[in-house]
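Structure record follows, encoded as structure tokens.
The values are calculated or read from the model by the stated rules, or taken from the named source; none is laboratory data. Nothing here was measured: the structure is a model prediction, and the numbers come from that model. Reconstructed Cβ throughout: ideal geometry from the backbone, glycine too, with neighbour counts over all protein chains shown.
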Amino acid sequence: MPKPVVNEDACEGCGTCEEMCPEVFKVGDDGKAQVIGPDKCNTCNCQEAADTCPVQCITME
């Protein structure tokens, strides 16, 4: 099963992924999204979160 990966260099910290998948993504203190639950994509639609990212910094690998 593919897991989400965030390119933190490209991330602008908008929080959309965290809103859509709070068990998978979290915007850290540095203002960048990070994957906190790579195996929790069954709780939400990780692909939709990746597709919704305004800077396309989330990939499913």
Subject >> Every residue from the range 45-61 that is surrounded by fewer than 18 Cβ atoms within 10 Å (Cβ to Cβ), part of a loop (DSSP other than H, G, I, E, B) and not charged (D, E, K, R) >> reply: ASN45, PRO54, VAL55, GLN56
**OP:** Could you check how many residues of the range 1-44 are of a type outside the set (Val, Ile, Thr), at pLDDT 95 or above and in a loop (DSSP other than H, G, I, E, B)?
**Re:** 24
Original post:
So how many residues does the range 30-52 have that are in contact with a strand residue (DSSP E or B) (Cβ under 7 Å, 6 or more places away or on another chain) and among the β-branched types (Val, Ile, Thr)?
Top reply: 2
**OP:** For residues that are among the aliphatic types (A, V, I, L, M) and farther than 10 Å from PRO4 by Cβ, scanning just the range 14-44, find the one that is surrounded by the fewest Cβ atoms within 10 Å (Cβ to Cβ).
**Re:** ILE36
**OP:** Count, please, the residues in the range 37-61 that happen to be among the hydroxyl-bearing types (Ser, Thr, Tyr) and touching a residue at least 40 places away in the same chain (Cβ under 8 Å).
**Re:** 1
**OP:** Please identify the pairs in which a residue from the range 4-32 that is in contact (Cβ under 8 Å) with a residue 24 or more places away in the chain has its Cβ atom under 8 Å from the Cβ atom of a residue that is in a helix (DSSP H, G or I) and surrounded by fewer than 14 Cβ atoms within 10 Å (Cβ to Cβ), counting only partners at least 6 apart or on another chain.
**Re:** MET20/GLU48; CYS21/THR43; VAL24/THR43
